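The values are calculated or read from the model by the stated rules, or taken from the named source; none is laboratory data. Predicted model, so just to flag it, every value in this text is computed and none were measured. Because the Cβ atoms are built from the backbone with ideal geometry, glycine has one as well, and the counts that use them run over all protein chains shown. Note: areas computed on protein heavy atoms with side chains; ligands, DNA, RNA excluded. Shrake-Rupley method; radii C 1.70, N 1.55, O 1.52, S 1.80 Å.
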Amino acid sequence: MSEWISVKDRLPESGKPVLLHVVDIVLYAYQYQCVGFYAAKNSVEIESDATYCEDIDSVYLCEGWYEVTYSTDSEENFIHGKVTHWMPLPSTEGLSSES
């Protein structure tokens, strides 16, 4: 398994899902891990609920960290905590859902 990478050292590729370590920004009382991604400015294009860029006639997520959710209502949620570290997702190569 990969080691945690500090966001101070390097950010993941924009829009690529990775495992995130998040710390509460108000109380610093809790931490959690989730699957999410970093959206660099004007890099992750979506259909709605984003920042419209008139210069290039596209809609993008606002710059920041997003948690990937697997519900039918939303595909991503802005993370309000402080992302401190990330790591690539484990490889699923060779795994099969058929038994």
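Lysines within cross-link reach of LYS16: Cα-Cα under 16 Å, excluding same-chain residues under 8 positions apart?
The qualifying lysines are LYS41.
What nm value, rounded to one decimal, do you get for the distance between TYR30 and VAL7 when each label is placed 7 Å out toward the C-beta?
Calculated label separation equals 1.8 nm.
Ordering THR69, THR92 by how much accessible area each has at a 1.4 Å probe, largest first, what is the list? Each step should come with its number before you reach the end.
Working: THR69 35, THR92 100 Å².
Correct descending sequence by accessible area is THR92, THR69.
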